[in-house]
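S.K.: Can you read through this structure? Questions will come right after.
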There are 2 protein chains.
Amino acid sequence: MPATSTDQVESVRLIDVARVAGVAPMTVSRALNRPELVRSDTAKKVLDAVRATGYVPNMLAGGLASSKSRLVAILLPTIANSIFSDTVQALMDGLNASGYQTLLGLTGYSTSQEETLVEAILGRRPDGIVLAGTSHTEATVERLTKAKIPVVEIWDLSDKPIDMVIGFSHEQVGVEVARHLLAKGYDRFGVVSVDDPRGLRRCRSLIDELADHGKTSVPFEVLPAPATLRAGREGLSRMLATECPQIIVCSSDTLAQGVLAEAASRGLNVPRDLAVMGFGDLSSAAHVYPALSTVEVDGASIGKHTAAALLARFAGRRDTALAGGRMDTGFSIIDRESA
Amino acid sequence: MPATSTDQVESVRLIDVARVAGVAPMTVSRALNRPELVRSDTAKKVLDAVRATGYVPNMLAGGLASSKSRLVAILLPTIANSIFSDTVQALMDGLNASGYQTLLGLTGYSTSQEETLVEAILGRRPDGIVLAGTSHTEATVERLTKAKIPVVEIWDLSDKPIDMVIGFSHEQVGVEVARHLLAKGYDRFGVVSVDDPRGLRRCRSLIDELADHGKTSVPFEVLPAPATLRAGREGLSRMLATECPQIIVCSSDTLAQGVLAEAASRGLNVPRDLAVMGFGDLSSAAHVYPALSTVEVDGASIGKHTAAALLARFAGRRDTALAGGRMDTGFSIIDRESA
DNA sequence: CTGTTAGCGCGTTCAT
DNA sequence: ATGAACGCGCTAACAG
């Protein structure tokens, strides 16, 4: 079989391109990574040689030599729940545009699994790490601190961030939802949550605030993570077995959709017979179910700011928007029910 | 400030661990990667030294030296749609357990974006690549072929796979749904899809099959990807502006949920006034909305088989379950409506 | 603007 | 069972 010019039995190296282009290997490297340092006509010769040979730079070698991997790791509890999807999308878009790629790790809401993943991932010498949440094992924090790379904790706040934090206060969500609903005159509350740390904090904070206003013993159903439609149905079923709330507050939008489904199958009119409140990002249920109130978080904005903060650091700058290493992106309560 | 024993101003290397353990660097490498080749007492010395120094192996250097990156790349259209989440979860779990990590790439349903990502990702010298779908640019196929690494195309089938394929026939889904619904006596159909290649193929195949049975001019609404609840609402709204179908077939479960929401807001009883059919994986809507029929795909199984196929190849074996490089995981129609 | 030298941190290969 | 020499493919630092 005749070999074509782009056959690649043994992988093409920088030196092969240099030979074809008639320049030194270093010039090829520069033409590819810092084109502003070479004359445009030699750059052209190099690029022609790259195309002719089908050269693909070996970033393992490049990373080893330069101590820059152009890799960012993202650790999430799960991707089953879509709550982080806008964030991840925006983050990856921002990073990709600057030539960075993303290592994904799934922690399953377990800090010990996160610890294992962090150790494995640090072996890749990522240029930065993004963690969902601000609760980690001591070992995780220590390793991350020693790694001396930018770390962004997202979707939460913290008094002592490892490095940078971009998120909002889940306690404040709970408090504001409680006050909002009390102001609307609700008296009998029910809370349904999955067993995820931030969701639980939102719900507990809400329950505490209700207690401060005289509403004690608010019924509270907790289901195993991750949040699914089925968990929402199950949560409402259990709740209605013994209670008769006017409004159900859910730890996430997916859960709220499950509650809506269960309510529908029982012939309940939402919000007349039962009001429902969810929590999620902008692309989710709030704009679809008119009867559903929701706390909305702009997940894409978190991702965008995270990418910007990391890229600023990679460029040796400090993101000016991140005063004190911390940025509160806020949230808003969208009220759709009319009870 | 006094330095503790685990300070890591300059990163700890293999040679540092060797010095502390009183052995040669090579012995440390073996103790870590092939423990069966060293005596257990020297292995212990090494492990103690690793802990004392806080050593984290540099996988860039290791990968360069061994030509094994222990990295697998996954390319998906998006993570907004949860349809792939079970697959990704199962795949990552299987891979992680064997020390592999995952690079994530989002193609946004664009083959040219996929091409760009493939090129960038091949620079990391991944040990394997997983692609959602079997439709790619010529350049993508050529690069992947030349890379000489295991490639798994998932969630679809193909007559000429790049390497391995694990999925099912989307045309067959359409045909079987059509026959199923015809057998149930439906006469007036409506189809709502998002603009995603596989979803469109399912729907077109269904429409063709309906035409073969005399049902021509089936109304067909196509909305921009990704599939969201809102798109589903919009799809039904447009459909009902001019048509009066008995059943709406949707290209995905998320879309179907949007259709359900719109139906509910119009006071339509599902399935009495309007039946709805979705498509998705096992964790989704079918088990929650009793009135919703669904084509169910076991996404977790696809992920599990994909991990197994890759790991078999890494070990130099050929996965026996993958006869001819191709595995059809099938799907099933879950019928919930009672019209 | 371009080339040369040296070495990133590790695993392969061979020797012991 | 352990060690020494070498090179993986690339870029930093310096020289010209």
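S.K.: A:Asp281 - would you say it is buried (at least 18 other Cβ atoms within 10 Å of the Cβ) and either outside the structural domain of A:Asp86 (by TED's automatic domain parsing) or modelled with pLDDT of 95 or more (or both)?
M.R.: On the way: buried (at least 18 other Cβ atoms within 10 Å of the Cβ): yes; either outside the structural domain of A:Asp86 (by TED's automatic domain parsing) or modelled with pLDDT of 95 or more (or both): yes.
Judged against the criteria, A:Asp281 is a match.
S.K.: Does any residue of the range B:6-14 turn out to be within 16 Å of DNA strand D (Cβ to nearest atom), more than 20 Å from A:Val118 (Cα to Cα), more than 9 Å from every other protein chain (Cβ to nearest Cβ) and not hydroxyl-bearing (Ser, Thr, Tyr)? Break it down stepwise before answering.
M.R.: We begin by selecting, within the range B:6-14, every residue within 16 Å of DNA strand D (Cβ to nearest atom); these are B:10-11, B:13-14.
Pick out the ones that are also more than 20 Å from A:Val118 (Cα to Cα) and you get none.
Within the range B:6-14, none of the residues are within 16 Å of DNA strand D (Cβ to nearest atom), more than 20 Å from A:Val118 (Cα to Cα), more than 9 Å from every other protein chain (Cβ to nearest Cβ) and not hydroxyl-bearing (Ser, Thr, Tyr).
S.K.: Let me ask something else. In this structure, does B:Ala211 turn out to be in a helix (DSSP H, G or I) and surrounded by fewer than 23 Cβ atoms within 10 Å (Cβ to Cβ)? Steps first, please.
M.R.: Working: in a helix (DSSP H, G or I): yes; surrounded by fewer than 23 Cβ atoms within 10 Å (Cβ to Cβ): yes.
Criteria met by B:Ala211.
S.K.: Next question, about the same structure. Within the bounds of the range B:63-71, is there any residue that is more than 15 Å from DNA strand D (Cβ to nearest atom), open to solvent by less than 20 Å² (accessible area, probe 1.4 Å) and either more than 14 Å from A:Gly123 (Cβ to Cβ) or within 30 Å of the chain's Cα centre (by Cα) (or both)?
M.R.: Checking the range B:63-71: at least one residue is more than 15 Å from DNA strand D (Cβ to nearest atom), open to solvent by less than 20 Å² (accessible area, probe 1.4 Å) and either more than 14 Å from A:Gly123 (Cβ to Cβ) or within 30 Å of the chain's Cα centre (by Cα) (or both).
S.K.: Also: Do the conditions hold for B:Ala309, that is, is it touching a Leu at 6+ places or on another chain (Cβ under 7 Å), outside any strand (DSSP E or B) and not assigned by TED's automatic domain parsing to the domain that holds B:Arg202? Break it down stepwise before answering.
M.R.: On the way: touching a Leu at 6+ places or on another chain (Cβ under 7 Å): yes; outside any strand (DSSP E or B): yes; not assigned by TED's automatic domain parsing to the domain that holds B:Arg202: yes.
Considered against the rule, which asks whether it is touching a Leu at 6+ places or on another chain (Cβ under 7 Å), outside any strand (DSSP E or B) and not assigned by TED's automatic domain parsing to the domain that holds B:Arg202, B:Ala309 comes out as yes.
S.K.: Here's something else I'd like to know. Among the listed residues A:Pro245, A:Pro226, identify the single one that is within 11 Å of chain B (Cβ to nearest Cβ) and either farther than 22 Å from B:Glu262 by Cα or at pLDDT below 90 (or both). Show your work before the answer.
M.R.: Working: A:Pro245 fails: within 11 Å of chain B (Cβ to nearest Cβ).
Sole residue among the options that is within 11 Å of chain B (Cβ to nearest Cβ) and either farther than 22 Å from B:Glu262 by Cα or at pLDDT below 90 (or both): A:Pro226.
S.K.: Residues that are more than 27 Å from A:Val141 (Cα to Cα) and assigned to a loop (DSSP other than H, G, I, E, B): does the range A:158-180 have at least one?
M.R.: Checking the range A:158-180: not a single residue is more than 27 Å from A:Val141 (Cα to Cα) and assigned to a loop (DSSP other than H, G, I, E, B).
S.K.: Could you run through the range A:79-96 and say how many residues are among the aliphatic types (A, V, I, L, M) and either more than 7 Å from chain B (Cβ to nearest Cβ) or touching a His at 6+ places or on another chain (Cβ under 8 Å) (or both)? Spell out the reasoning first.
M.R.: The first filter runs over the range A:79-96 and keeps only residues among the aliphatic types (A, V, I, L, M), leaving A:79-80, A:83, A:88, A:90-92, A:95.
In the following step, the residues that additionally are either more than 7 Å from chain B (Cβ to nearest Cβ) or touching a His at 6+ places or on another chain (Cβ under 8 Å) (or both) were identified as A:83, A:90-91, A:95.
Result for the range A:79-96: 4.
S.K.: Could I ask something else about it? Do you know which residues across the range B:97-116 are more than 8 Å from chain A (Cβ to nearest Cβ) and either assigned to a helix (DSSP H, G or I) or in contact with a strand residue (DSSP E or B) (Cβ under 7 Å, 6 or more places away or on another chain) (or both)?
M.R.: Filtering the range B:97-116 down to residues more than 8 Å from chain A (Cβ to nearest Cβ) leaves B:97-98, B:100, B:107-116.
Within the range B:97-116, B:Tyr100, B:Thr107, B:Thr111, B:Ser112, B:Gln113, B:Glu114, B:Glu115, B:Thr116 meet the criteria.
S.K.: Name the residue that is farthest from B:Tyr100 (Cα to Cα), counting only residues in the range B:27-43 that are among the basic types (Lys, Arg) and open to solvent by 100 Å² or more (accessible area, probe 1.4 Å). Give the derivation first.
M.R.: Narrowing the range B:27-43 to residues among the basic types (Lys, Arg): B:30, B:34, B:39.
Narrowing further to those that are open to solvent by 100 Å² or more (accessible area, probe 1.4 Å): B:34, B:39.
Details: B:Arg34: 16, B:Arg39: 26 Å.
Within the range B:27-43, the match that is farthest from B:Tyr100 (Cα to Cα) is B:Arg39.
S.K.: Pairs please, first residue from the range B:59-71 and facing another protein chain (nearest Cβ under 8 Å) and at negative phi, second anywhere and in a helix (DSSP H, G or I) and at pLDDT below 95, Cβ atoms under 7 Å, 6+ apart in sequence or on different chains.
M.R.: The qualifying pairs do not exist here.
S.K.: Tell me which residues, restricted to the range A:173-200, are open to solvent by 70 Å² or more (accessible area, probe 1.4 Å) and closer than 23 Å to A:Thr111 by Cβ.
M.R.: A:Asp195
S.K.: At least 3 residues that are more than 11 Å from DNA strand C (Cβ to nearest atom) in each: list the helices (runs of 4 or more DSSP H) lying fully within the range B:20-69 that qualify.
M.R.: Values: elements: B:25-33, B:40-53, B:59-66.
Those helices (runs of 4 or more DSSP H) span B:40-53.
The values are calculated or read from the model by the stated rules, or taken from the named source; none is laboratory data. Just so it is clear, the model here is predicted, and its values are computed rather than measured. A quick note on method: Cβ atoms are made from the backbone with ideal geometry, for glycine too, and the neighbour counts reach across all protein chains shown. The accessibility values were calculated without ligands, DNA or RNA, using every heavy atom of the protein model including side chains. Shrake-Rupley method; radii C 1.70, N 1.55, O 1.52, S 1.80 Å.
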